[in-house]
Amino acid sequence: MNTIWIALALMLTACGGDDPSPITPKPDVEVKWEITPATTQFSAKGEIKNIVVTANGDWTATSGQSWCSLTPDKGGNGQTLVKISATANPKEEVRNAEITFTSGKYSQKYTVSQDAGTIGNYVPTGYNLVWAEEFDAARLSSGKPALPDTQKWWYENLPKGTVNNELQTYVGGFRGTDTVAAIHDGTLKIIARKSGTDIISARINTIESWTYGYFEARLRVPGGKGTWPAFWMLPEKEQLNWPLDGEIDIMEYVGYDPGWIHASVHTKAYNHTIGTQKTARKEVKTAETAFHIYAVEWTADYIKGFVDGVEYFRFNNDGAGNKETWPFNVPFYLKLNLAWGGNWGGAQGVDESKLPATYEIDYVRVYQKK
């Protein structure tokens with residue numbers, strides 16, 4: 001019996017000797033970065049520049065602005081060549097982006113700057129600014145993009161097929177977590193996107209209306225079969241009496257016809273349903289990749305259409321005092337929308353691989369004579 005207990009004691013002692021020694025944690029090494037060059041400045045037109053990131057550990061990097069991106073966005077111990085890309089600056093002001101390098105609890109900021117963009121001034125002599133929307137609203141406290149200012153704009157909520165057999169549903173800025181009108185980085189983005197089985201988008205309108213003036217917006221349009229962005233005007237008192245009450249199309253674009261923009265007017269006597277609309281088109285090869293200024297000058301005598309200050313459309317008042325040919329003597333309001341498909345936008349089919357599609361608006365401005 002004593003022999004058995006001695007054997008058990010020896011076994012327990014042996015097992016105890018196999019216990020691993022306590023693991024000593026690795027010392028916390030502070031990760032540091034050295035970035036060359038110390039500062040990076042981009043031209044307004046947009047470009048790609050290289051930086052060299054030297055670190056003593058693994059890291060990731062994020063940009064605080066969508067116009068500035070980097071590749072690769074991670075690295076390790078030693079040197080990493082990183083390409084920073086900046087898109088063209090659509091604003092007449094310098095802008096900055098903050099890149100954050102992170103490794104665990106350690107981080108370091110690196111700021112890049114971009115020169116102010118140059119925007120042409122094409123406003124005719126004698127006109128003064130009376131209304132403007134620059135879409136410069138800051139992000140919300142939640143970090144989400146701001147929506148268009150409801151003191152200036154109102155949304156239309158329309159089911160698909162309501163107008164022109166279009167395929168999208170217009171919603172009031174968002175549906176659930178799907179946003180279709182967002183302001184960030186100094187521009188408004190109107191987005192046509194899939195939401196469940198629907199395609200949703202936005203159609204927004206100014207609360208104010210004007211009779212005569214120079215109306216302009218700086219825009220970049222989306223491409224792809226099915227897209228149909230527009231910047232246009234309808235009369236303030238319009239009661240579904242189209243086309244008698246008139247329509248002014250400052251800019252329309254259909255994605256299946258890339259590089260060509262259109263301006264038109266519609267009246268009872270001149271409209272597309274009877275093939276008599278007054279319209280013109282102009283080639284703008286970079287309409288999808290660059291911002292351009294689209295405008296009309298509307299007076300008691302004529303309506304002129306412009307792209308970047310170049311006139312390409314004109315409709316004259318015939319002076320007959322007939323609403324069927326000239327209904328353009330009452331207040332009109334401005335409209336921005338991105339349609340999907342429809343009689344014109346979908347004339348050659350739609351390509352849903354192009355969704356989401358983004359229509360970008362830098363500003364909208366209204367000028368009138370004193």
For this session: Those residues that are over 23 Å from Pro331 (Cα atoms) and assigned to a loop (DSSP other than H, G, I, E, B), I need them from the range 242-271; list them, please.
Result: Tyr253, Val254, Gly255, Tyr256, Asp257, Pro258, Gly259
Exercise. Do the conditions hold for Gly161, that is, is it modelled with pLDDT under 90, more than 30 Å from Gln41 (Cα to Cα) and either within 19 Å of the chain's Cα centre (by Cα) or surrounded by fewer than 16 Cβ atoms within 10 Å (Cβ to Cβ) (or both)?
Worked result: no
Problem set entry | Matching residues, the range 237-272, being under 26 Å from Ala192 (Cα atoms) and of a type in the set (S, T, N, Q) | Ser264
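Okay, residues lined up against (1) of a type outside the set (A, V, I, L, M); (2) at pLDDT below 95:
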{"site": "Ala55", "(1), (2)": "no, no"}
{"site": "Trp59", "(1), (2)": "yes, no"}
{"site": "Thr62", "(1), (2)": "yes, no"}
{"site": "Asp73", "(1), (2)": "yes, no"}
{"site": "Thr80", "(1), (2)": "yes, no"}
{"site": "Thr100", "(1), (2)": "yes, no"}
{"site": "Lys109", "(1), (2)": "yes, no"}
{"site": "Ile119", "(1), (2)": "no, yes"}
For this session: May I ask you to verify whether Lys268 is of a type in the set (Lys, Arg), surrounded by fewer than 19 Cβ atoms within 10 Å (Cβ to Cβ) and under 22 Å from the mean Cα position of the chain (by Cα)?
Result: no
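In the range 117-129, is there at least one residue being assigned to a strand (DSSP E or B), more than 29 Å from Lys370 (Cα to Cα) and among the small types (Gly, Ala, Ser)?
Taking every residue of the range 117-129 in turn, none turns out to be assigned to a strand (DSSP E or B), more than 29 Å from Lys370 (Cα to Cα) and among the small types (Gly, Ala, Ser).
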Seminar exercise, completed: Within the range 195-226, residues closer than 23 Å to Gly341 by Cβ and touching a Phe, Trp or Tyr at 6+ places or on another chain (Cβ under 7 Å) come out as Ile199, Ser201, Ala202, Arg203, Ile204, Asn205, Leu219, Arg220, Val221, Pro222, Lys225, Gly226
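Anything in the range 131-147 that is part of a strand (DSSP E or B) and surrounded by 14 or more Cβ atoms within 10 Å (Cβ to Cβ)? List them, or say none. Let's see the steps before the verdict.
Of the residues in the range 131-147, the ones part of a strand (DSSP E or B) are 131-133, 146.
Correct list: Trp131, Glu133, Ala146.
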Exercise. Of the numbered conditions (1) of a type outside the set (S, T, N, Q); (2) closer than 17 Å to Glu360 by Cα; (3) modelled with pLDDT of 95 or more, Asp185 satisfies every one except a single condition; which is it?
Worked result: (3)
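Right, Ala230: in contact with a Pro (Cβ under 6 Å, 6 or more places away or on another chain) and assigned to a strand (DSSP E or B) or not?
Values: in contact with a Pro (Cβ under 6 Å, 6 or more places away or on another chain): no; assigned to a strand (DSSP E or B): yes.
Criteria not met by Ala230.
Every residue, every condition in (1) among the β-branched types (Val, Ile, Thr); (2) closer than 18 Å to Pro229 by Cα; (3) touching a Lys or Arg at 6+ places or on another chain (Cβ under 9 Å); (4) in contact (Cβ under 8 Å) with a residue 12 or more places away in the chain, yes or no:
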position	(1), (2), (3), (4)
Thr273	yes, no, no, yes
Lys282	no, yes, no, yes
Asn317	no, no, no, yes
Val350	yes, yes, yes, yes
Thr358	yes, yes, yes, yes
Val364	yes, yes, yes, yes
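So is Glu352 surrounded by fewer than 19 Cβ atoms within 10 Å (Cβ to Cβ), charged (D, E, K, R) and within 24 Å of Ile303 (Cβ to Cβ) or not?
Numbers: surrounded by fewer than 19 Cβ atoms within 10 Å (Cβ to Cβ): yes; charged (D, E, K, R): yes; within 24 Å of Ile303 (Cβ to Cβ): no.
Spelling it out, it is not the case that Glu352 is surrounded by fewer than 19 Cβ atoms within 10 Å (Cβ to Cβ), charged (D, E, K, R) and within 24 Å of Ile303 (Cβ to Cβ).
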Problem set entry | Pairs, first more than 10 Å from Ser201 (Cα to Cα) in the range 173-185, second among the acidic types (Asp, Glu) and surrounded by fewer than 18 Cβ atoms within 10 Å (Cβ to Cβ), C-beta under 9 Å, six or more apart | Ile183/Asp136; Ile183/Asp149
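The values are calculated or read from the model by the stated rules, or taken from the named source; none is laboratory data. These numbers were taken from a predicted model, which means no experiment stands behind them. Cβ coordinates were reconstructed from backbone atoms using ideal geometry, including for glycine residues, and neighbour counts include every protein chain displayed.
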